[in-house]
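The values are calculated or read from the model by the stated rules, or taken from the named source; none is laboratory data. Computed from a predicted structure; not experimentally measured. Every residue, glycine as well, gets a Cβ built from its backbone with ideal geometry; the counts of neighbours run over all protein chains shown.
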Amino acid sequence: MPWTLDDFNYPLPAELIAQAPLKGRTDSRLLQLAPEIADLRFADIATLLAPGDLLVFNDTRVLHARLFGTKDSGGQIEVMIERPLGPHEALAQVRASKSPKPGTRLCLEGALDVEVIGRVGEFFHLRFPDTEDLIVLLERHGHLPLPPYIERAAGNADESRYQTVFARNPGSVAAPTAGLHFDETLLALLAQQGVNSAFITLNVGAGTFQPVRVHDLAEHKMHTETYFVPQATVDAIAATKAAGKRVVCVGTTSMRALESAARHDALKAGEAESDLFILPGYQFQVADALITNFHLPKSTLLMLVSAFAGMDAIRNAYTHAIAQRYRFFSYGDAMFLTRNCA
């Protein structure tokens, strides 16, 4: 059936948008939807997982991707790295009173002389100094980018809390937020319980926060993100399925990577780009369950979870979460979903 943007809208009180993390990573609440709604604590996730189940985490690390500076004309600019392109170049969003033209020099953070090479769609192609690797320069001079709905600048606490405890591959401009609820103690408990773990890397781009600008969703063009699925993860998933156990994606990014890697055939290891846009009616190939945060109205992530758990189930869950004052979005509470809420 044709889907429109209005099918994925809901009223959210602004005060439910979490502006900061709770004291402990596992202190958040967990809404279980399988199919009845249950209100739990995130630490209760251990009771929802069985020995032999496989958790698939996204081990991407958030870059210090936000930089401020001036154009060579003196105008103020803000740069948000979208993705590195090798050791000295990147695609980026650039906010300025006038868009910089190719050849423009940018002085960022009073330290980096950056050249605008050109445009690639909505992004600017930038060349950074070749004295050091781009990631090193960003970590030294850049700022941690918090999502636009968090109405404050990043502080010292965010340097650790807006990264997962298993983050190791730098490349994202936003955290895979479902993974933020796990700490080392919980991971050790789950391993002792016989729950297995595997990893993918999907580098989250700033496009994840871009609003859908078309009413008819058949006309929406999904932003692309790079991902890598190791052979060890493919093997772990095959073994889990063969044993009759569940593959549990931790976050929509893990799910999107796996479904992209299985898009045209059996699940394959390797690196690629995903532009997979998941709407209700999509046939999931890999995931049996999903741990996820609550998502923005009219967002592609809300569309994805609606496709996975069912439209009515997600609508009921979100209505319940708002009534029960759950905390929403990146630093908010979590959900445990099974496919079609079975």
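For segment 251-267, does any single residue satisfy the condition of being assigned to a strand (DSSP E or B) and of a type outside the set (Ser, Thr, Tyr)?
no
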Query - Residue check, residue 96 surrounded by 15 or more Cβ atoms within 10 Å (Cβ to Cβ) and either without any contact (Cβ under 8 Å) to a residue 24 or more places away in the chain or in the same structural domain as residue 18 (by TED's automatic domain parsing) (or both) - result: no
Query raised in the report: Of all the residues that make up segment 119-135, how many are touching a Pro at 6+ places or on another chain (Cβ under 9 Å), part of a strand (DSSP E or B) and surrounded by 20 or more Cβ atoms within 10 Å (Cβ to Cβ)?
Result: 1
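Suppose we filter 277, 294, 284, 336 for residues that are surrounded by fewer than 24 Cβ atoms within 10 Å (Cβ to Cβ), touching a residue at least 24 places away in the same chain (Cβ under 8 Å) and touching a strand residue (DSSP E or B) at 6+ places or on another chain (Cβ under 6 Å); which single one remains?
Values: 277 fails: touching a strand residue (DSSP E or B) at 6+ places or on another chain (Cβ under 6 Å); 294 fails: surrounded by fewer than 24 Cβ atoms within 10 Å (Cβ to Cβ); 284 fails: touching a strand residue (DSSP E or B) at 6+ places or on another chain (Cβ under 6 Å).
Going through 277, 294, 284, 336 in turn, just one is surrounded by fewer than 24 Cβ atoms within 10 Å (Cβ to Cβ), touching a residue at least 24 places away in the same chain (Cβ under 8 Å) and touching a strand residue (DSSP E or B) at 6+ places or on another chain (Cβ under 6 Å): 336.
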Requested in this report: Determine, yes or no, whether residue 198 is closer than 27 Å to residue 270 by Cα, small (Gly, Ala, Ser) and in a helix (DSSP H, G or I).
Outcome: no
Query raised in the report: Among the candidates 179, 171, which residue alone is more than 20 Å from residue 294 (Cα to Cα), buried (at least 21 other Cβ atoms within 10 Å of the Cβ) and touching a strand residue (DSSP E or B) at 6+ places or on another chain (Cβ under 7 Å)?
Result: 171
Query raised in the report: Looking at residue 116, is it out of contact with any helix residue (DSSP H, G or I) (no Cβ under 7 Å at 6 or more places or on another chain) and either farther than 30 Å from residue 328 by Cα or outside any strand (DSSP E or B) (or both)?
Result: yes
Query raised in the report: Is it the case that segment 149-157 has a residue that's more than 27 Å from residue 27 (Cβ to Cβ), under 20 Å from the mean Cα position of the chain (by Cα) and not assigned by TED's automatic domain parsing to the domain that holds residue 200?
Result: no
Query raised in the report: How about segment 1-71: which strands (runs of 3 or more DSSP E) wholly inside it have at least 1 residues that are closer than 16 Å to residue 293 by Cβ and at pLDDT 95 or above?
Result: 29-33, 37-41, 54-58, 60-62
Query raised in the report: Of the numbered conditions (1) crowded, with 18+ Cβ neighbours inside 10 Å; (2) touching a Cys at 6+ places or on another chain (Cβ under 9 Å), residue 106 satisfies every one except a single condition; which is it?
Result: (2)
Query raised in the report: Hey, does segment 303-324 have a residue that's within 23 Å of residue 158 (Cα to Cα) and either over 16 Å from the mean Cα position of the chain (by Cα) or touching a residue at least 12 places away in the same chain (Cβ under 8 Å) (or both)?
Result: no
